[in-house]
Structures are given as C-alpha cells and as structure tokens.
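For reference, the structure discussed in these notes is given below.
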Amino acid sequence: MMRRIAVLDAPTNLGLRPPTSTSVPGCAKAPGALRDHGLLARLRARDAGCLTPPRYDPGDWRPGDGVCHAREISAYSVALADRIGAIIDRSEFPLVLGGDCSVLLGSALAMHRLGEAVGGRIGLVFVDGHSDFRHPGNASYVGAAAGEDLALVTGRGQADLAAIEGRRPYFRDIDVVVLGIRAQDEYRLDLQAAGITTRPVPALRAEGAARTAQWAHEQLADCAGYWVHIDVDVLDPAVLPAVDAPDPGGIAFAELEILLAGLVDTPHCLGVELTVFDPDYDPDGSYAAEIVNTVVAGLAPVSAPSAVPPRLLPPGPVAPAPRAGNGRPTERPVRPAPAAVPAPAVAVEPIGPDPTPSEPVDGRAAGHGDRPSTEGRDPIGPTGPGLLRRVSGGEPAEGAEPVGPSASAGPGLLRRVPVAEGEPSTPVGEAGPTRPGADIA
C-alpha cells in the first residue's frame, strides 16, 4: 500500500533540562537541520508545517513540583494530536520531527482517539536507547517528561499528562514493544514486571534487525495498528554522539535503517516520530546528513514499496553499512556463498576490548533520567559492538559481506587498516570531558 508521507515539525524542547543555566536544549533545531539536508524532497513528502511549542522556561521549578513544563506540554500535546489526526484523516503517513521525547504524548493522544474511533486498540513500537520509564512509583521524584514519556503514555504519573481528555492509558502495557534499550537499563525490571515486551540491543542483534521488526509485528497482532517512536540515541555514540544522553552499546545506522524499513512496511504502521537529535553538537551537519540518509531509505516502503526493499543481514553484530559515493548505504547480500563475496578493499584488525555495558560513558551516570552531555568529546566517541572505526584505507567493495566478529576484540570490534601498508595508523582519540545534563532529573 503506497501512502504519501506528510512531514510535521514538532520542535519542542519542553521535556529536557537546560544544558546550562543560560541556555536551552538544542533539539528544537533538529527539524530545520534535517530539512536542510533535503529530507522532504528526497521523501517526496508533503510539508505539513510546524507546530510551534510554548516558550521554554523552567522558572523556579524544584524537585517535588511534578513534571516541569507540565501545563505547556499538556497543551502542546493536544495541539499535536489534532495535527497528527488531520494527517491520518487525509490517508497520509505522518512523520513527526521532534524535538524531545515528550512529543510522544501528543502522538499517543492521537492514537488513543483513533483507536476509539475505529473500535480497536493502537499499539506502540518504542525504539529508544533508554526505557524512559521513570515515574512516581519507582523514583523519588519526577521532573523531565523526556525521561518519563513511556511511563506517562502507559498511564503512570500525574493526570494532566498521563490522562489528557480523561484518556488513561493511551497505550496498554501489553500493546507496547520496546526495542533497543541498553542491556543494563535502569528500569528494565520494572518493564518486565509491567508485562511490557522488550528486546534490548543484545537480543536485537542476535535475532537481526529485520527479524526483530517482524517479531514486533507479531507482538502487536491484536492491535488495529501501531505508532513508531524513534529516539536516535538508540544509535551508538560511535556513530551518533549528537544526542543529550549518549550511552555505549547502541546499534548502527544500517541496523536502524533495516529496523525502520521492516516496521513501516505494513499498512498497520500508522506513523513515525523522530526525537532527540541535537544539531548543537553537529557543527558540520554530517550527522544530520546521516540521519536523513537512514530515514529516507528506511521509509522507502511507505511511498514506494518496490523501489528499495529492506536489506536483510545475518543476525549478530553488524557493522555500519559501507557508503557509496552518493552517501547512501550500499546493498549487502544475505549470507552469500564465499565464492560470490567480492574481496574487501581493506584489511581489519581489532581496536581493543569491548566497553562493559554497565560502565557509564566518560564516567557519567547511566540512564535516560539523568541526561549528561558530550561537549568536548571526540566526535567518534566510544565504539560499541558491531561498529567499525575507519582509520585509513578505501571503502569496502560494494556488496561485500559485513566483517564478522573478532575473537580477540569482542563482538564486531574492528578497525580498518590499509591493505597496501598493512600497518594501522594513529589510533582514534579517546573521549573528552562531558557537558552538563540535558533533562531535569
């Protein structure tokens, strides 16, 4: 089924803590940064405009006051739900460009309205590096909706956010699938106790992104449809450090592309939102360009199902896709016979041990509720399983099989070295100092 994509900007930063006492979170700039790289033209999408958020002003908020900006977030969520509903009424596919994760409240409200209208339940596929499941039942206080959005949309928390229009919950626990959280997520046991289905990064990698998307479909088979939330901090900071809470152990761009393509390749997928990219930490625009490449390829099944079929990769650690001259990922065959695999253009060697999943990045506290920053960090950042750092040498030959795990370096931790020289160049630099947190804990 072909549907026209409608792109709606939702540049709210109301759910985040200010990076410094005199600044505001930069994720409000994300929609503009992505548009600057031709997102709408490449998607052939309709411009659905921009929903301007209320003024960002934490004022004299203190712990114990409830969620900061609650009144503003509630009003914005109602307006956002109206806009999303209008897009769906036109039989279009909404792509909402956040903003922080509090945009999920507006999307969730729209989905609950829709479910009521069609007489069925709407599900949620929650693709995020963090569970965002902090609520009064498991934390001493709440404060930042961006770290509490999954809890709020499943009915946990203050009524002015969790029960807008008297709707609570927007999504039932059994109608939520969480993908891409880190193995040691702070609230993983709470998700399990609630009966929320999860597939952390290790399990996602073991099964593969394409099969994980199919598995998510199956979990929500009883729903009339589902919404997809994507927080780009699901990506490893080795490939995308420009987020407010970069934690190691994430997935690669190629995996996100495959996952997204699998999730949207069905009429049951009602729309997608993209959150938390911060252009303040992308001075040359290279990360914005990479996100646009991934979103355009991942959403291809929506408007042109036969044009770019999802790539299928073997399960286990997967390296970022080699890039062709136009910046788009090149295709990889599915488990080709050895004789059919072109010789790679580069040799590989281990770059060192895999970072322990439970260890924080740069000594920072783990968890989405205390979003530290990355100012001064090496742009490449720490390398997680299945990610490649380029040291020197050419691109792999197009169609080459992804490089497999290294026995000495842990799963998929590799560094490229020139074939001709056979010697590694200067190692990539280590992470630098941190920047202040970005959401109110």
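The values are calculated or read from the model by the stated rules, or taken from the named source; none is laboratory data. As the structure is a computational prediction, the values presented were derived from the model and not from experiment. Heads up, the Cβs are rebuilt from the backbone with ideal geometry, glycines too, and the neighbour counts pull from every protein chain shown.
Within the range 75-87, if we keep just the residues that are in contact with a helix residue (DSSP H, G or I) (Cβ under 7 Å, 6 or more places away or on another chain) and surrounded by fewer than 20 Cβ atoms within 10 Å (Cβ to Cβ), the residue that is nearest to Tyr226 (Cα to Cα) turns out to be Gly85.
Pro19 fulfils the conditions (1) surrounded by fewer than 16 Cβ atoms within 10 Å (Cβ to Cβ); (2) touching a strand residue (DSSP E or B) at 6+ places or on another chain (Cβ under 7 Å); (3) at pLDDT below 95 except for a single criterion, (1).
Being over 30 Å from Arg17 (Cβ atoms), outside any helix (DSSP H, G or I), among the aliphatic types (A, V, I, L, M) and in contact (Cβ under 8 Å) with a residue 24 or more places away in the chain: is that true of Leu270 here? Yes: the conditions hold for Leu270.
Restricting to the range 132-167, what's the tally of residues that are without any contact (Cβ under 8 Å) to a residue 12 or more places away in the chain and β-branched (Val, Ile, Thr)? Residues meeting the conditions: 0.
Sub-9 Å Cβ pairs linking a first residue in the range 93-110 that is in contact (Cβ under 8 Å) with a residue 40 or more places away in the chain and at positive phi to a second residue that is hydroxyl-bearing (Ser, Thr, Tyr) and crowded, with 24+ Cβ neighbours inside 10 Å, at least 6 apart or interchain, are Gly99/Thr12; Gly99/Thr275, ordered by first then second residue. The set of residues in the range 53-64 being farther than 19 Å from Ala28 by Cα and surrounded by 15 or more Cβ atoms within 10 Å (Cβ to Cβ) consists of Trp61 alone.
Got a sec? Which of Ala252, Ala339, Ala321 is of a type in the set (A, V, I, L, M) and modelled with pLDDT of 50 or more? Unique residue meeting the criteria: Ala252. Among the residues making up the range 148-183, those that are among the acidic types (Asp, Glu) and more than 16 Å from the chain's Cα centre (by Cα) are Asp160, Glu165, Asp173, Asp175.
Residues that are under 16 Å from the mean Cα position of the chain (by Cα) and assigned to a helix (DSSP H, G or I) within the range 184-201 comprise just one, Val201. Residues that are assigned to a loop (DSSP other than H, G, I, E, B) and under 19 Å from the mean Cα position of the chain (by Cα) were ranked within the range 22-48; the one that is surrounded by the fewest Cβ atoms within 10 Å (Cβ to Cβ) is His37. Val127 meets the stated requirement of being in contact with a helix residue (DSSP H, G or I) (Cβ under 9 Å, 6 or more places away or on another chain), buried (at least 19 other Cβ atoms within 10 Å of the Cβ) and touching a residue at least 40 places away in the same chain (Cβ under 8 Å). When we screen Ala162, Ala221, Ala216, Ala146 for residues that are of a type outside the set (Asp, Glu) and in contact with a Cys (Cβ under 7 Å, 6 or more places away or on another chain), the only hit is Ala146. Kindly indicate the residue of the range 65-74 that is over 15 Å from Leu109 (Cβ atoms) and within 24 Å of the chain's Cα centre (by Cα) and also surrounded by the fewest Cβ atoms within 10 Å (Cβ to Cβ) among those meeting that condition. Ranking the qualifying residues of the range 65-74, first place goes to Cys68.
Hey, can you tell me all the residues within the range 273-287 that are more than 26 Å from Ser77 (Cβ to Cβ) and not in a loop (DSSP other than H, G, I, E, B)?
Tyr281, Ser286, Tyr287
Note on the range 40-71: residues that are in contact (Cβ under 8 Å) with a residue 24 or more places away in the chain, over 28 Å from Leu152 (Cβ atoms) and of a type in the set (A, V, I, L, M, F, W, C) total 3. The set of residues in the range 145-156 that are assigned to a loop (DSSP other than H, G, I, E, B) and within 18 Å of Leu80 (Cβ to Cβ) contains only Glu148. May I ask you to verify whether Gly120 is part of a loop (DSSP other than H, G, I, E, B) and farther than 16 Å from Val176 by Cα? No: the conditions fail for Gly120. Going by the structure shown, is Arg172 crowded, with 20+ Cβ neighbours inside 10 Å and either in contact (Cβ under 8 Å) with a residue 12 or more places away in the chain or out of contact with any Pro (no Cβ under 6 Å at 6 or more places or on another chain) (or both)? In short, no.
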